[in-house]
């Protein structure tokens, strides 16, 4: 179920990269052809960029797309690779996800209490909405990490196949 949720979010959010390219083109054209600048359009690209990375991180973990040091890893037997992944998830991914989730709650609550908006004149409202994605990201990453641990244990002990 966690895989399905993160797969759906990842594939949906991937389309936002196309929207980012189009909006960036609009920003450049309006600035250099029509001599018109828009803070809101520029900020929208930053908002989308943040959304793509924060909501796509768990999808990337699910698809094993994160950067690895493959010099030795790929040469190791499958059980050794699974063990390394399990240790990495348990020692790093889970604690960092919990830390981000825990520390972001007050930060996001404060932003919501102010209904925080852009500090730039003409900027976008709803900064608090973007900040809400931080604990969402941590939660999705935590759940996907736990799912990866369970899958790894299943492979290590022979209850599931590779």
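Here, each number is a calculation from the coordinates, and none is a lab measurement. None of the values given here were measured: they were computed from a predicted structure. All Cβ positions, glycine included, derive from the backbone under ideal geometry; neighbour counts span all protein chains shown.
Mind pulling the angle between the C-alpha long axis of helix 94-114 and the longest principal axis of the chain? Nearest 10 degrees, somewhere in 0 to 90. The helix 94-114 is inclined about 20 degrees to the chain. When the P(r) is computed for segment 61-136, the part past 20 Å accounts for 53% of the Cα-Cα pairs. Were the residues from residue 33 through residue 129 laid out at 0.36 nm apart, the gain over their Cα-Cα distance would be 31.3 nm. P(r) tail, the chain: Cα-Cα pairs separated by more than 21 Å, 58% of all pairs.
Among 99-110, 23-34, sorting by the average number of other beta carbon atoms lying within 10 angstrom of each residue, highest first, gives 99-110, 23-34.
Taking the simple approach of a point 7 Å from Cα along Cα-to-Cβ for both residue 79 and residue 4, what is their distance in nm? Once both label points are built, they end up 3.3 nm from each other. Rounded to the nearest 10 degrees, the angle from helix 2-32 to the longest Cα principal axis of the chain is 30 degrees.
Mind giving me the FRET efficiency for residue 60 and residue 115? R0 is 22 Å, r the Cβ-Cβ distance, nearest 0.05 is fine. The pair residue 60/residue 115 has a calculated efficiency of 0.10.
Across the chain, Cα pairs under 8 Å and at least six residues apart give a relative contact order of 30 percent.
Placing dummy labels 7 Å off each Cα toward the beta-carbon, the span from residue 21 to residue 156 is 4.1 nm. Adding -39500 (n - 2.57) for every DSSP H run of four residues or longer, then dividing by how many residues the chain holds, sets the calculated 222 nm ellipticity at -25500 deg cm²/dmol.
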